[in-house]
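Working notes, beginning with the structure itself.
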Amino acid sequence: MSFFDVVFYLFAAITVMAGMGVVLARNPVHAALFLVLAFCSCAGIWMLLEAEFLAITLILVYVGAVMVLFLFVVMMLDLNLVKLREGFWRWFPFGALIAGLMVFEMVWVLGSRQTADVTTAVVHAADYSNTKELGRLLYTQYVYPFEIAAVILLVAMVAAIALTLRRRQGVKTQNISEQVKAKKADRLRIVKMKSEPKQS
Amino acid sequence: MMEWLQPIQTLLGPAWLPIWTVLKIVLIIAPLMGGVAYLTLAERKVIGWMQIRIGPNRVGYFGLLQPLADGLKLFMKEIIIPSGANKFLFILAPIMTLMPALAAWAVVPFNAELVLSNVNAGLLYILAMTSLGVYGVIIAGWASNSKYAFLGCLRSAAQIVSYEIAMGFALVCVLMAAQSLNLGDIVRAQHGNYGMLNWYIIPLFPVFLVYLISGVAETNRAPFDVAEGESEIVAGFHVEYSGMAFALFFLGEYANMILIAFLTSIMFLGGWLSPVPFLPDSIVWMFAKVAFVLFLFLWFRATFPRYRYDQLMRLGWKIFIPISLLWVVVVGAWMQTSYWLW
């Protein structure tokens with residue numbers, strides 16, 4: 001087993017254990033932190049495949065932004081664990097069925113003829129830039145799917161913001177531009193007066 | 001490159017690479033820690049002078065041993081873990097703050113040759129590492145089981161996530177101008193015949209301001225220190241920490257400040273390039289620029305009162321993000337014309 005394999009299996013083991021942790025952790029904050037660990041070790045595996053752009057973006061977007069907001073929400077929720085675990089056994093067969101189906105799909109995809117031949121990672125030259133390669137593909141061959149995905153995300157974002165828009169009566173807000181525009185002369189009146197003699 | 005190391009290399013054989021790498025890491029981290037220590041002294045001195053005080057002057061000549069005394073004091077103190085705190089996460093939080101602040105230094109070039117790891121996606125790596133720093137703050141606030149700490153951590157998380165977006169777009173402008181994510185190449189792209197007129201601060205000036213101010217906000221420094229806010233939530237996320245655990249937060253904050261100063265000088269101020277054409281490029285310029293940016297950090301702290309929370313959010317979302325987005329478009333269009341001289 002080469003050093004490469006050792007590192008791969010280390011990351012893979014951490015990913016699987018962290019994934020188990022996400023499901024099994026009693027505390028939702030711990031579960032979220034396990035998910036962070038899973039993302040980090042996934043990024044490590046991608047890094048092994050010389051996909052440094054994807055690996056770093058995974059850290060940047062999922063760990064650095066998405067999971068922060070996730071943690072933010074989870075910490076503020078008052079979760080009742082006993083209530084959450086209610087009906088676990090009732091829904092267990094359904095969950096097991098879905099899990100089995102997903103395992104079957106994974107095996108099917110990974111065992112298919114297209115992927116079965118690829119057993120070792122492709123080794124690139126030293127000056128190979130994953131970032132450049134991805135950029136070229138995204139903006140030439142896959143430009144339409146890429147743009148469509150971007151527009152769908154934009155629509156989702158606008159919809160999410162639109163959901164929070166509502167007019168409330170009697171809200172006190174400040175008008176910043178008016179505040180910035182205020183001059184000294186508008187607020188302050190300087191009165192010239194003679195000094196008065198000291199009262200004894 | 002270094003011929004005198006050859007005999008040691010042959011002696012150690014395959015163990016050479018890890019040993020040499022660790023040695024290089026130590027050569028970066030040790031001066032960095034010294035820099036952090038003396039930055040705290042510089043801060044107290046500079047702010048003292050700005051406020052017509054003397055600053056620390058008792059320990060050693062001109063107070064030069066003050067950082068060592070502070071460090072020793074913090075080292076001797078007991079680490080108190082509050083009852084009801086999550087012990088593992090409570091200890092993990094300061095480590096999570098310091099770790100990304102140090103890890104980011106792997107790709108920072110000091111001059112044309114001096115860099116630990118010449119990574120092609122260096123800029124992206126820096127962005128990813130600095131975005132991890134917020135975890136230390138969040139975990140510290142949550143694990144402390146204290147309301148003040150929790151409020152501080154929520155404020156800080158919201159602030160860092162918002163300013164990261166503006167910062168990211170500022171970096172997009174830089175990488176468009178330099179056409180590379182490699183920090184060394186970004187500096188080399190600013191090389192030219194006109195000294196400082198070739199630096200990216202000239203075409204990207206609005207973005208430079210956005211980046212610098214966002215950098216102050218990212219490191220939770222005054223006037224953006226609502227996460228600590230001594231007058232409101234006593235010390236925010238690290239209120240329950242004592243001794244070395246507290247010192248680690250401190251080290252992380254100052255290491256991040258120095259990192260932001262380095263990045264600002266690399267991306268906008270030409271890194272190790274000389275400001276005038278007749279002087280040679282040297283690492284001295286790099287340190288001079290870094291010192292200048294760090295001085296700005298201290299100057300801000302001595303000058304501005306703390307932002308109110310809603311004003312801080314407004315500045316990030318309604319002013320900085322539109323400015324940096326607009327400048328991405330402007331730079332993109334500008335580069336297509338013949339007026340792009342950089």
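The values are calculated or read from the model by the stated rules, or taken from the named source; none is laboratory data. All values reported here derive from a predicted model rather than from experimental measurement. Don't worry about glycine lacking a Cβ; one is built from the backbone with ideal geometry, like all the others, and counts go over all protein chains shown. Areas reflect the complete protein model, heavy atoms only, side chains present, ligands, DNA and RNA absent. Shrake-Rupley method; radii C 1.70, N 1.55, O 1.52, S 1.80 Å.
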**Request:** Looking only at region A:23-30, decide whether some residue is part of a helix (DSSP H, G or I), touching a residue at least 12 places away in the same chain (Cβ under 8 Å), open to solvent by 50 Å² or more (accessible area, probe 1.4 Å) and on the phi < 0 side of the Ramachandran plot.
**Result:** no
(request) Check whether at least one residue in region B:278-289 is in a helix (DSSP H, G or I), under 26 Å from B:Gly55 (Cα atoms), away from chain A (no Cβ under 14 Å) and touching a Gly at 6+ places or on another chain (Cβ under 9 Å), and report yes or no. (result) yes
Of the conditions (1) within 19 Å of the chain's Cα centre (by Cα); (2) of a type outside the set (Asp, Glu); (3) at pLDDT 85 or above, the single one that B:Trp317 does not satisfy is (1)
Taking region B:29-53 and keeping residues open to solvent by 30 Å² or more (accessible area, probe 1.4 Å) and β-branched (Val, Ile, Thr) leaves B:Ile29, B:Ile52
Within region B:206-217, is even one residue closer than 25 Å to B:Pro67 by Cα and not in a helix (DSSP H, G or I)? no
Discussion item. Yes or no: region A:36-50 includes at least one residue that is of a type outside the set (A, V, I, L, M, F, W, C), more than 8 Å from every other protein chain (Cβ to nearest Cβ) and either part of a helix (DSSP H, G or I) or out of contact with any helix residue (DSSP H, G or I) (no Cβ under 8 Å at 6 or more places or on another chain) (or both).
Written reply: yes
Given (1) open to solvent by less than 30 Å² (accessible area, probe 1.4 Å); (2) over 15 Å from A:Leu71 (Cβ atoms); (3) within 13 Å of another protein chain (Cβ to nearest Cβ); (4) part of a helix (DSSP H, G or I), B:Ser180 misses just (4)
Only one of A:Val16, A:Val63 is within 30 Å of B:Ser146 (Cα to Cα) and part of a helix (DSSP H, G or I), namely A:Val63
Scanning region B:125-156 for residues that are facing chain A (nearest Cβ under 8 Å), farther than 29 Å from B:Leu175 by Cα and of a type in the set (A, V, I, L, M), the one most open to solvent (accessible area, probe 1.4 Å) turns out to be B:Leu154
Exactly one of A:Val66, A:Val6, A:Val61 is more than 11 Å from every other protein chain (Cβ to nearest Cβ) and open to solvent by 30 Å² or more (accessible area, probe 1.4 Å), and that residue is A:Val6
A:Met20 vs (1) open to solvent by 50 Å² or more (accessible area, probe 1.4 Å); (2) modelled with pLDDT under 85; (3) within 24 Å of B:Gly136 (Cα to Cα): all pass except (2)
Q.
Among the residues in region A:71-91, are any within 14 Å of chain B (Cβ to nearest Cβ), surrounded by fewer than 10 Cβ atoms within 10 Å (Cβ to Cβ), free of Cβ contacts under 8 Å to residues at least 12 places away in the same chain and not in a helix (DSSP H, G or I)?
A. yes
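Which one of B:Phe62, B:Phe90 is among the aromatic types (Phe, Trp, Tyr) and open to solvent by 40 Å² or more (accessible area, probe 1.4 Å)?
From the options B:Phe62, B:Phe90, the qualifying one is B:Phe62.
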Taking region B:93-123 and keeping only residues that are open to solvent by 20 Å² or more (accessible area, probe 1.4 Å) and within 9 Å of chain A (Cβ to nearest Cβ), one is left with B:Val119, B:Asn120
